[in-house]
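Asks: My questions all concern the structure below.
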């Protein structure tokens, strides 16, 4: 009897310790995800450069945020940028068309490329539209690599590739970024993703990125379903990054394998969704793509609100805009 | 030949007019939805009472917003509320436990019921938890009807009941609220919904509301999937309403019919999802429930981002928090 009792006690202690370990792991995961969301929205936090940034205005509307060190550089080009005044840097009103604005700013940026401005070393010859809101007509285009100097909002498309097994079990395709990528080399990423270039539609971007990055035929990519956006603004030493990603879910046949396309990806993995969830809390994931996966986990009921105290904070952290 | 040409012209004009009519209808719908989201987040807009509200602080943490006219009323109870100072109304620090705070505030509220304060006419004897964030331990409870006087955040559960036909066509169950409801009588609503009372879990609230409002057996309600939250803050003449709703999707068998339970609902309708979408833009829908349906439309790919310029604005409007 006494022995039984001791065995029971030991068993119960072990069970409790296991339960404690599970709870501690969950709490650590939640805390890491909150940190990710805070980091990706650090422009909104007290102590960010936001209060010292200048509004970037084109044709009377704000289209971005210019950090003080960039404003100093722009002073050398008064024929394009009016000197900072009233908290704003303005494009000269004499530049009164889409083309004239775009070409004048591009000429300044080409001259700045001669100087040691790290983000411009990533020059891509990709034109992004500049407008106050996505629903507004573009006022000009700007080289993608320069948008962070002006805090101009960038839009993109991210695609969650996933499978559902016979028993309903969800697995997700992840890409491992090439080690030679300019940004986030070697990190885990969504199956396919890409920026919205000026004049290209959202669905067209999706089809193109699926084909280029993962060799997914257009007829399969076309079955992708629009489900969400993920929006955030962070700042780092290269500038201010307000971004919004259009999110699509693409359910793939169980036997289908994406394959390496244009060399932006070094490998693809199909992982059980719980394993993907664990990976989000590590340092191996491209941060904005981790947010896109978090949004997937919530929409696909992988996270239970009764068990996740920050459930609501996760959702608001995924949808911040200026 | 000439006649054919004229017939072609007439046909083409008709086609264009139809296309124009469709586009105009879509634009009008989008604008109405934006207006709904702005109205439900009007506490964030310039010109709201936010700048004249006092922070409501308990135990050193902000848990709400007190409008000036409420702050004046509270001055009569200095043993419970410290006089407004530094932009804050504070619960007296001598009230240092959950019970003592809850009872002292309840006594004040009971006395205020004697006066002509419209929201307190809706007294429900339902206790809501008061805490800085959902993940924090509750500092006290407060009568549901009084939370808007203090701008204390309220949490609830909303359930999208829907069916998917053999051809994949989605229909949604809507409730018509009873004409005798205190709030939003006679308006369309989600199939079931309810507030989170102090100490009751999210899933338990869902099961209870499904049973009480729509006579959905617990084994069916338990298959509901957590998918989102919808968060917003509005103000009206009754106070400040910061709210966050936990959203569940409940796919029902095609033959299943919810039935009237506790009399909060007068009727249930099963409508094709496109018809539900149109209804959101009218004045016949409880506003926060319309937001929950909008979130459903986005997650279920009923809205195509290439065709909806405010797609991203919709998503951020659904997820605002203070």
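Asks: Being over 20 Å from residue B:30 (Cα atoms), away from chain A (no Cβ under 12 Å), within 20 Å of the chain's Cα centre (by Cα) and surrounded by 15 or more Cβ atoms within 10 Å (Cβ to Cβ) is the requirement here; does residue B:246 meet it?
Replies: no
Asks: Report, by residue number, each residue of the range A:135-154 that is surrounded by 21 or more Cβ atoms within 10 Å (Cβ to Cβ) and within 14 Å of chain B (Cβ to nearest Cβ).
Replies: A:153
Asks: Still on this model: Being within 7 Å of chain B (Cβ to nearest Cβ), buried (at least 21 other Cβ atoms within 10 Å of the Cβ) and either under 30 Å from residue A:50 (Cβ atoms) or more than 13 Å from the chain's Cα centre (by Cα) (or both) narrows it down to one residue among A:312, A:320; which is it?
Replies: Result of the check over A:312, A:320: A:312.
Asks: Residues B:254, B:265: which one is farther than 24 Å from residue B:317 by Cα and buried (at least 21 other Cβ atoms within 10 Å of the Cβ)?
Replies: After applying the criteria, what remains is B:265.
Asks: Condition (residue is under 30 Å from residue B:308 (Cα atoms) and free of Cβ contacts under 8 Å to residues at least 12 places away in the same chain) applied to the range A:123-134: is it met by at least one residue?
Replies: Checked against the condition, which is being under 30 Å from residue B:308 (Cα atoms) and free of Cβ contacts under 8 Å to residues at least 12 places away in the same chain, the range A:123-134 yields at least one hit.
Asks: Also: Any residue at all in the range A:287-296 that is more than 10 Å from chain B (Cβ to nearest Cβ), within 25 Å of residue B:223 (Cα to Cα), touching a helix residue (DSSP H, G or I) at 6+ places or on another chain (Cβ under 8 Å) and at pLDDT 95 or above?
Replies: Yes, the range A:287-296 has at least one match.
Asks: Please find, within the range A:27-43, the residue that is surrounded by the fewest Cβ atoms within 10 Å (Cβ to Cβ) out of those that are part of a helix (DSSP H, G or I) and touching a strand residue (DSSP E or B) at 6+ places or on another chain (Cβ under 7 Å).
Replies: Result: A:39.
Asks: Where the second residue is assigned to a loop (DSSP other than H, G, I, E, B) and the first is without any contact (Cβ under 8 Å) to a residue 12 or more places away in the chain and lies in the range B:60-82, which pairs have Cβ atoms under 6 Å and are six or more apart or on separate chains?
Replies: B:82/B:92
Asks: Answer with yes or no whether residue A:27 is more than 28 Å from residue A:140 (Cα to Cα) and outside the structural domain of residue A:309 (by TED's automatic domain parsing).
Replies: yes
Asks: Pick from B:69, B:77: which is surrounded by 15 or more Cβ atoms within 10 Å (Cβ to Cβ) and either out of contact with any strand residue (DSSP E or B) (no Cβ under 8 Å at 6 or more places or on another chain) or modelled with pLDDT under 95 (or both)?
Replies: Only one candidate qualifies: B:77.
Asks: Could you tell me whether residue B:279 is under 19 Å from the mean Cα position of the chain (by Cα) and surrounded by fewer than 21 Cβ atoms within 10 Å (Cβ to Cβ)?
Replies: Yes.
Asks: Got a sec? Which of A:198, A:218 is out of contact with any strand residue (DSSP E or B) (no Cβ under 9 Å at 6 or more places or on another chain) and surrounded by fewer than 18 Cβ atoms within 10 Å (Cβ to Cβ)?
Replies: Residue meeting the stated conditions: A:218.
Asks: Can you confirm whether residue B:239 is at pLDDT below 95, more than 14 Å from chain A (Cβ to nearest Cβ), in contact with a helix residue (DSSP H, G or I) (Cβ under 6 Å, 6 or more places away or on another chain) and at positive phi?
Replies: In short, yes.
Asks: Go through (1) crowded, with 23+ Cβ neighbours inside 10 Å; (2) within 16 Å of the chain's Cα centre (by Cα) one by one and return the number of the condition residue B:210 breaks.
Replies: Every condition holds for residue B:210 apart from (2).
Asks: Which numbered condition in (1) more than 8 Å from chain B (Cβ to nearest Cβ); (2) more than 18 Å from the chain's Cα centre (by Cα); (3) within 30 Å of residue B:131 (Cβ to Cβ) is the only one that residue A:305 fails?
Replies: Every listed condition holds for residue A:305 apart from (1).
Each row is one residue, and each column tells you yes or no for (1) more than 17 Å from residue A:245 (Cα to Cα); (2) within 14 Å of chain B (Cβ to nearest Cβ); (3) within 18 Å of the chain's Cα centre (by Cα).
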{"site": "A:182", "(1), (2), (3)": "yes, no, yes"}
{"site": "A:192", "(1), (2), (3)": "no, no, yes"}
{"site": "A:201", "(1), (2), (3)": "no, yes, no"}
{"site": "A:218", "(1), (2), (3)": "yes, no, no"}
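Asks: Of all residues in the range B:299-309, how many are surrounded by fewer than 21 Cβ atoms within 10 Å (Cβ to Cβ) and part of a helix (DSSP H, G or I)?
Replies: Here the count works out to 0.
The values are calculated or read from the model by the stated rules, or taken from the named source; none is laboratory data. None of these values were measured; they are calculated from a predicted model. FYI the Cβ positions are ideal-geometry reconstructions off the backbone, even for glycines, and counts take in every protein chain you see.
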